[in-house]
1. Roughly how many percent of the accessible protein surface of the range 198-296 is carbon and sulfur, given a 1.4 Å probe and a whole-percent answer?
2. Can you give me the long-range amide H partners of residue 75? Hydrogens built in the peptide plane at 1.01 Å from N, cutoff under 5 Å, separation of 5 or more residues or another chain.
3. Taking each pair of different alpha-carbon atoms in the range 138-288 once, compute 1/r for the pair, average those values, and report the inverse of that mean as the Kirkwood hydrodynamic radius in Å to one decimal.
4. Report, by chain and number, residues whose modeled amide H sits under 5 Å from the one on residue 260, excluding near sequence neighbours (fewer than 5 apart, same chain).
5. By how many degrees, 0 to 90 and rounded to 10, does the Cα axis of helix 285-304 deviate from the longest principal axis of the chain?
6. Using helices alone, what [θ] at 222 nm do you get for the chain, with -39,500 (n - 2.57) per DSSP H run of 4 or more residues, divided over all residues and rounded to the nearest 500?
7. Using θ = phi - 60° and the Karplus curve 6.51 cos²θ - 1.76 cosθ + 1.60, what whole-Hz ³J(HN,Hα) does each residue of the range 170-179 get, with Gly and Pro shown as x?
8. Please give the helix 138-152 orientation as an angle from the longest Cα principal axis of the chain, in degrees from 0 to 90, rounded to the nearest 10.
Amino acid sequence: MDSLSVDHLTGIENLTTNDIELIFKTADSFKEVINRPIKKVPSLRDITIANLFFENSTRTRLSFELAEKRLSADIVNFSAASSSVKKGETLIDTVNNILSMKVDMVVMRHPNPGAAKFLSERVDARVVNAGDGTHEHPTQALLDAYSIREKLGGVSGKKVVIVGDILHSRVALSNIYCLQKLGAEVMVCGPTTLIPKYIGELGVQVEHNLAAALEWCDVANMLRIQLERQEMKYFPSLREYSMQYGLTKKILDGLSKKIVVMHPGPINRGVEITSDVADSSQSIILNQVENGVAVRMAVIYLLASKIKRQ
Ligand code: CP
């Protein structure tokens, strides 16, 4: 059986193109499974997975949980808000206590960049990064690229613009790594204050004019403004941001070609994207959510296959 070059999924940066293609090929099989009347396979009956969420999540947490259940794994869920973390327990102590209960894999969302890698170097379990602060969100990038591949027949040669709050976005960084590894051209678009200065070193184009960016691209990935990570004002008001960078139906219909519209969620309807765009035939937002389960099943399955079972 083909296997991943890594023992943990801490980011896209350290995956090979072969790893990504293997995840997609495996996700193709699982997509077929989740569309059957009986949406479950017994593959991971002997595996226990802990979902540790130190930060809020709707899609990612539910998607991982569903993926694990579809693979017949046993699962335990942990949310920092209702845990002893509030009493001062460290990350390592929390995780080691959970691992003492014989857990094989940890799926973790954490506000600190590098938290998943830190954990992977210290615990005897596979680690999957479900988002670490402003750093990476690898499974989101994988499901995004998988959805582009599904919609457009491939990723190589496609032009993808990522619009919005690039500075605070783990989705942007993981998408840049993933799309480039698969041969896509990537542009970022947003106000100067929300584009990090290092971005040019990643080989992406930078555009501040939304209309020009949309005319250039095949796919527009509209990111949420992450107000919760902004300790200062990066633009005058949400209304002003929306007027400059919000995607409306009028703008979409005025383009010279039909582009694909994506959004990782949660959407701020009326800020980065209007409802009629989010719900239009050009939007693949709900396909992204569906594909998230198949892609996460693939990641978990491939990492679990590297666990030595007695
Ligand atoms: N896309 C995403 O990560 O959404 P959640 O924050 O709801 O998990």
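1. Here it works out to 54 percent.
2. Here the answer is 49, since their amide H atoms fall under 5 Å of that of residue 75.
3. 15.2 Å
4. The answer is 219, 220.
5. With rounding to tens, the tilt is 30 degrees.
6. -11000 deg cm²/dmol
7. In residue order, the calculated couplings are 6, 5, 4, 4, 5, 5, 4, 4, 5, 5 Hz.
8. The helix 138-152 is inclined about 60 degrees to the chain.
The values are calculated or read from the model by the stated rules, or taken from the named source; none is laboratory data. Everything numeric here is computed off the predicted structure, so don't read it as measured data. In this analysis, Cβ positions are derived from the backbone assuming ideal geometry, glycine residues included, and neighbour counts consider all displayed protein chains. Note: accessible area is taken over every heavy atom of the protein model, side chains too, but ligands, DNA and RNA are not part of it. Shrake-Rupley method; radii C 1.70, N 1.55, O 1.52, S 1.80 Å.
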